[in-house]
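Reviewing the structure listed below.
Bear in mind these aren't lab numbers, they're just calculated from the coordinates by the rules spelled out. What you see is a predicted model; the values in this text were computed from it and never measured. Using ideal geometry, Cβ is built from the backbone for each residue, glycine included, and neighbour counts are taken over all protein chains shown.
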Amino acid sequence: MVVRETGEFAEDVYMLGSLFMPIYLVDGENPVIFDAGIDILGSLYVSEIKKKLGNRHPAYCMLTHSHFDHCGSVSYLKKHFPSMKIVSSDKIGRVLQQPRAVDLIKQLNRVMDPMMLVTKDYPVPDRFEPFEIDLPVKEGDTINLSSDLSVIAIETPGHTRDCISYYIPEKKMLFSSEAFGIGELDFYIQAEFLVDYDMYYNSMKKMSRFETEVLCIGHHNVFIGDDAVRYMNESIYHCEKFYELVKKCLEEENGDIEEVKIRIKAIEYDNNEKPKQPELAYMLNLEARVKAVKRHVKENIDGRDRCSSKI
Ligand SMILES: [Zn+2]
C-alpha cells in the first residue's frame, strides 16, 4: 500500500504538515517527531502536533539530516515544546557552526515561501535559526520510549555525511528520509548520493537488512507491506541506472559536468510534474551527484591501473 495523504497511517503514527514537506509523529508514552520540515510550515506543524497530543509535548525530535527541508522548523518547534530533545548525529551540530551552511539553509527555506498559502490561516512562524543537538546518536544507539517501544539509530551516510535513519523494531518501521531516494514505485526514484556513491549504496544495502513493514521516506509517500520492500529494491535499481546514465553522459560529453547537468535535468527535473524541490536546491544536488559519479569512475580506473601495474 502507498500512503498519499497526511493523517494516521499506522496505529498512533501520523504524517503531519504537507505531503510534500511532512513531519512524522509517533505517539505513545514519550511521543516522537521525525524531522522538522521547512520553516514556513512551522505553525502548521505545531498546530497539528497539538491537535494530536493535546497538552502533552513531544519528548524527542529525531532529525535525519541537516538539509533545509528536514530541519527548517527545529528552532520554532523547540520554542513551543521547550522540553523536547533534539536527537541526531553530532555532525549536524558541526554543520550548523558554519555560517555559509546556515546562510544556505535560510536561503533555501525562503525559496519555499509560496507554500505560505498552505498556512494562511496560521500565525506566521519564526524563520530558521541554528540549534543545538541535545542528544547525539551514532550507529546502533537505542532510545527506549517505553517498555514496548524503542528507536534504533542507523548511520546511513551518502546523501549527506550526517544522515541518520531510524528504525522502530516493535513496529518494523523505518524512517529513511532521502537515504532511499525520493520517487514513485514503477516510475522513477531519484538517487540522492550527494556525498559519495559507494557510501550511499552501502547505506541502502544496510537498511535493506532491517525487516521493514512501513517505510517513511522524506517526501510524498509512505510505503507499507510489500510496497515498502519493493520501494527499497527499486531504489537500489534506480540508483545503479542513474549511475550508468551519468557515466555514459560524462563519456559522451568528454567529462564536461555542465553539459551533463543540462542533459540530466531535462530527463529528471524538467519533465517532473509533481511538486518538486526548488530549482536552486536541485541544481546544487545534481552537480554533487554528477561529481560523485565522475570521482567514482576515476577512482575505479585508477584502482584498476594500480592493480595491473603490480602484475
Ligand atoms: Zn536531503
Which one, Ile267, Val297, Met283, projects farthest toward the positive side of the charge dipole computed for region 244-310 from Cβ point charges (K/R +1, D/E -1)? Val297
Identify, among Ile154, Gln97, Pro130, the residue whose Cα sits farthest towards the positive end of the charge dipole of the chain, taking +1 on the Cβ of Lys and Arg and -1 on the Cβ of Asp and Glu, with the dipole about the Cα centre. Gln97
Return the FRET efficiency for the residue pair Glu129, Gln98: r is the Cβ-Cβ distance, R0 is 25 Å, and the value is rounded to the nearest 0.05. 0.95
Toy charge model, Lys and Arg Cβ at +1, Asp and Glu Cβ at -1: region 2-239 dipole around Cα centroid in debye, rounded to 20, equals 620
Taking a temperature of 4 °C and a viscosity of 1.567 mPa s, what whole-number D in µm²/s does Stokes-Einstein yield for region 2-239 with Rh from Kirkwood over alpha carbon pairs? 74
Go through Lys91/Lys247; Lys120/Lys274; Lys138/Lys261; Lys138/Lys265 and tell me which ones have a Cα-Cα distance over 24 Å in this structure. Lys91/Lys247; Lys138/Lys261; Lys138/Lys265
Separation in nanometres of the label points that stand 7 Å from Cα toward Cβ, at Ile301 and Asp226: 4.4
For the chain, what is the calculated [θ] at 222 nm in deg cm²/dmol (nearest 500), taking -39500 (n - 2.57) for each run of four or more DSSP H residues and dividing by its residue count? -13000 deg cm²/dmol
Taking the highest mean first, how do the peptides 128-134, 222-228, 152-158 order by number of other beta carbon atoms within 10 angstrom per residue? 152-158, 222-228, 128-134
Taking the highest mean first, how do the peptides 35-46, 251-262 order by number of other beta carbon atoms within 10 angstrom per residue? 35-46, 251-262
Show me 175-188, 49-62 ranked by packing, highest mean number of other Cβ atoms within 10 Å first. 175-188, 49-62
Magnitude of the Cβ-charge dipole of region 244-310, K/R +1 and D/E -1, about the Cα centre, nearest 20 debye? 400
Rounded to the nearest 5, what % of DSSP beta bridges with both residues in the chain are antiparallel? 70
Suppose R0 equals 35 Å; then what is the FRET efficiency for Glu211 and Glu279 from their Cβ-Cβ distance, rounded to the nearest 0.05? 0.35
Under the classification rounded if a/c is under 1.5, otherwise prolate if a/b is larger than b/c and oblate if not, where does region 48-122 fall, given a ≥ b ≥ c as square roots of the Cα gyration tensor eigenvalues? oblate
Between Lys294 and Thr6, what is 0.36 nm times their sequence separation minus the Cα-Cα distance? Round to one decimal in nm. 99.8 nm
If the only charges are +1 at each Lys and Arg Cβ and -1 at each Asp and Glu Cβ, what is the size of the charge dipole of region 1-132 around the Cα centre, to the nearest 20 debye? 360
What residues have an amide H closer than 5 Å to that of Met62, excluding those fewer than 5 places away on the same chain, when H is modeled at 1.01 Å from N in the peptide plane? Ile33, Phe34, Asp35, Val87
